[in-house]
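Presented below is the structure to which this report refers.
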Amino acid sequence: MIVSLPGGSNFIEFLGHMAPSALLQKNILGLTFSSPVGLSGKIDPLLTGSAAFSNLGFGFIEIGPISRLPNDAGKFALFSKQRDEILFPIQLESLGMESTIRRLNELMPLNKPIFIRISSEFSVEELHSLLPSLSPYGNAIVLEKIFDNEELLVFKKLIANKPILLSVQSNQLFEKISEYTRIDGIILEERVGNELRFPDKQKELFQSLKFLKSNGFNKIPIILSGGVLEPEDALELYAEGADLIMLSSGYVLSGPGLPKRINEALVDQMDREQEEVTGWIWYWLFGLFITIGGVVALLFSMTSVILHYDEAFLGFSRAELMAINPNIIYFMAHDRMTLAGTMVSGGILYMQLARHGVKYGIHWARKAINIGAVVGFLGILLFIGFGYFDWLHGLFWVILFPFFINGVRKTKKAIYTPISKNRTNHPAWKKSLWGQLCFVVLGFAFIIGGLLISMIGATNVFVSTDLGFICMTPDQMNDLNSRLIPLIAHDRAGFGSALLSVGLLVLMIALWGFHQGEKWVWNSLLIGGVPAFCAGIFTHFVIGYTIFIHLLPAYFALFLFVMGLILSRRFFYETGRK
């Protein structure tokens with residue numbers, strides 16, 4: 001549904017950063033593959049998700065097998081919990097020829113090489129009429145039975161000389177195949193006995209691949225379909241000589257991050273020089289000054305709370321406000337302390353992303369900094385929503401802006417995708433998925449909270465619990481001083497925009513930065529989170545604003561933060577290729 005919307009593909013890429021590294025690009029069969037990892041047709045036989053799969057890290061997609069008529073009469077893939085495997089029916093589900101062509105017409109273009117698999121049920125005469133109809137939609141044709149060279153030559157002409165691949169089971173004899181010189185490539189299929197299934201390790205696939213490579217099949221590409229449950233399996237198959245692989249059951253059992261994990265593991269195996277991006281220091285200084293600004297703001301919020309220009313704007317001194325209603329000062333201290341803590345946390349995250357990510361050319365770290373910073377700069381517009389512009393905040397942004405712009409200009413070479421040391425679906429990896437989910441939810445929670453607080457700060461300013469703590473209504477505050485609410489609103493909106501910016505940073509780190517052995521990511525989340533939570537929760541107890549329903553979102557966020565750290569620590573601190 002998302003990919004069908006305008007900008008949907010870009011949104012999916014933003015969430016997952018699944019696009020393979022340019023280093024993985026391969027030219028095989030006269031086609032260009034962005035990644036050697038493809039998707040078997042067994043996963044999406046009814047073509048309900050093919051448009052989305054093309055955005056999830058695959059280099060190519062298989063469609064089919066296409067049958068003469070629809071085939072779905074109870075013949076579904078089944079999951080065996082006892083044996084932790086998936087059993088496919090011998091005759092796979094299919095839309096049928098007419099519906100498949102109609103669906104392909106709706107899906108095009110998929111922007112990936114497409115292999116179209118044709119069921120073995122078609123006769124030679126039927127293929128003569130079918131192939132020209134399918135040729136516009138596919139870049140290669142996969143046949144499930146052997147035809148003689150003369151027929152293969154006719155088929156090639158019917159599909160404008162596009163590649164023809166032969167699908168064979170891993171336990172078939174290959175001597176007969178060598179007689180057919182018109183075959184452009186071979187697809188080795190996973191099969192055990194009379195069932196299509198996903199066993200623990202595909203030993204037969206490895207044996208068949210070795211046999212082909214050692215018996216004169218080196219001149220044509222060999223593609224493996226299935227047999228991959230985790231990145232290690234794919235690396236072993238490539239090491240044995242597989243040119244491409246197609247994920248099937250393993251994609252279901254390991255989850256949709258599998259192609260990305262394989263792609264990153266392949267890049268990790270490459271011997272590439274990693275140049276440092278010198279402009280990272282500007283981003284780091286940008287974060288440093290935000291941290292310093294947050295510390296200074298925290299000191300003020302813990303002492304005088306309001307500054308001389310605040311008093312000049314109000315026409316009231318701090319002492320006068322304390323004499324009238326000290327809870328007004330305490331409430332302002334609460335807003336300014338939470339803003340200060342959020343600034344310190346954001347500054348730490350900027351510094352860490354610059355030092356450990358941008359410095360080594362990691363593009364996602366640069367993108368996270370840029371998005372978070374732009375949102376933070378735009379937040380200054382909220383300061384004037386009620387007619388009060390804090391000149392010190394304005395000056396602060398003016399000082400920060402050159403550092404950010406220099407960072408943007410001098411880090412354009414940060415274009416590398418991350419690498420991964422992860423090779424297997426070990427327990428620490430499985431736990432880290434739950435930890436990652438906690439931080440993703442936390443990031444979204446901060447974003448939603450930041451938006452709501454910004455909207456409240458620019459409109460109603462107070463929620464009911466705020467007024468209960470202050471013990472005054474907005475009308476009473478306006479009667480006391482017509483500039484009091486604009487001053488408070490400016491603090492609220494400023495905190496909301498800062499929380500929104502930090503929420504984006506947390507979300508992007510959670511979405512893009514979870515890689516085994518990257519201790520700095522875990523440390524960044526820990527160190528960066530402490531100031532915000534300390535300021536956001538302890539402040540309420542210091543001033544006596546401890547209404548449970550008011551603090552409930554903070555408690556929920558703290559729970560996610562702690563659980564995320566606990567569940568992901570082992571994964572980040574394991575550097576071995578497990």
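The values are calculated or read from the model by the stated rules, or taken from the named source; none is laboratory data. None of the values given here were measured: they were computed from a predicted structure. Note: ideal-geometry Cβ built from the backbone for every residue, glycine included; neighbour counts use all protein chains shown. Only protein heavy atoms, including side chains, enter the accessible area calculation; ligands, DNA and RNA are left aside. Shrake-Rupley method; radii C 1.70, N 1.55, O 1.52, S 1.80 Å.
Some notes on this structure:
- Looking only at residues of the stretch 115-141 that are touching a residue at least 60 places away in the same chain (Cβ under 8 Å) and in contact with a Pro (Cβ under 8 Å, 6 or more places away or on another chain), we find that the one that is most open to solvent (accessible area, probe 1.4 Å) is 139.
Here's the yes/no breakdown for (1) within 18 Å of residue 25 (Cβ to Cβ); (2) surrounded by fewer than 19 Cβ atoms within 10 Å (Cβ to Cβ):
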residue	(1), (2)
251	no, no
264	yes, no
271	yes, yes
274	no, yes
292	no, yes
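- Selection count where residues are within 15 Å of residue 95 (Cβ to Cβ) and either among the aliphatic types (A, V, I, L, M) or touching a strand residue (DSSP E or B) at 6+ places or on another chain (Cβ under 8 Å) (or both), scope the stretch 115-130: 5
Yes/no per residue for (1) closer than 30 Å to residue 487 by Cα; (2) in a helix (DSSP H, G or I); (3) at pLDDT below 95; (4) open to solvent by less than 50 Å² (accessible area, probe 1.4 Å):
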| residue | (1), (2), (3), (4) |
| --- | --- |
| 347 | yes, yes, no, yes |
| 388 | yes, no, yes, yes |
| 400 | yes, yes, yes, yes |
| 434 | no, yes, no, no |
| 437 | no, yes, no, no |
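- Any helices (runs of 4 or more DSSP H) falling wholly within the stretch 499-577 and containing at least 1 residues that are closer than 22 Å to residue 17 by Cα and β-branched (Val, Ile, Thr): 519-533
Results for (1) touching a Leu at 6+ places or on another chain (Cβ under 6 Å); (2) of a type in the set (Asp, Glu); (3) at pLDDT 90 or above; (4) open to solvent by 30 Å² or more (accessible area, probe 1.4 Å), shown as yes or no for each residue.
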| residue | (1), (2), (3), (4) |
| --- | --- |
| 304 | no, no, no, yes |
| 318 | no, no, no, yes |
| 325 | no, no, yes, no |
| 366 | no, no, yes, yes |
| 372 | yes, no, yes, no |
| 384 | no, no, no, yes |
| 396 | no, no, no, yes |
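- Some residue of the stretch 409-425 being part of a helix (DSSP H, G or I) and more than 18 Å from residue 275 (Cα to Cα): no
- Residue 521 open to solvent by 50 Å² or more (accessible area, probe 1.4 Å) and of a type in the set (Val, Ile, Thr): no
- Subset of the stretch 543-570 (residues that are under 14 Å from residue 525 (Cα atoms), in contact (Cβ under 8 Å) with a residue 12 or more places away in the chain and either out of contact with any Leu (no Cβ under 8 Å at 6 or more places or on another chain) or aliphatic (A, V, I, L, M) (or both)): 557, 558, 560, 563, 565, 566, 567, 568, 569
- Candidates 480, 505, filtered to the one that is on the phi < 0 side of the Ramachandran plot, in contact (Cβ under 8 Å) with a residue 12 or more places away in the chain and within 25 Å of the chain's Cα centre (by Cα): 505
- Test: residue in the stretch 318-331 that is part of a loop (DSSP other than H, G, I, E, B) and either out of contact with any Pro (no Cβ under 7 Å at 6 or more places or on another chain) or among the basic types (Lys, Arg) (or both): yes
- Selection from the stretch 115-173 of residues that are of a type in the set (Ser, Thr, Tyr), more than 41 Å from the chain's Cα centre (by Cα) and assigned to a loop (DSSP other than H, G, I, E, B): 123
- Filter result (of a type in the set (Ser, Thr, Tyr) and crowded, with 18+ Cβ neighbours inside 10 Å) within the stretch 85-103: 94, 100
- Filter result for residue 283 (part of a helix (DSSP H, G or I), within 30 Å of residue 264 (Cα to Cα), touching a Lys or Arg at 6+ places or on another chain (Cβ under 9 Å) and of a type in the set (Ser, Thr, Tyr)): yes
- In the stretch 251-280, the residues that are assigned to a loop (DSSP other than H, G, I, E, B) and of a type outside the set (Lys, Arg): 255, 256, 257, 270, 271, 273, 274, 275, 276, 277, 278, 279
- Among (1) in contact with a Pro (Cβ under 9 Å, 6 or more places away or on another chain); (2) of a type outside the set (D, E, K, R); (3) not in a loop (DSSP other than H, G, I, E, B), the one test that residue 86 misses: (1)
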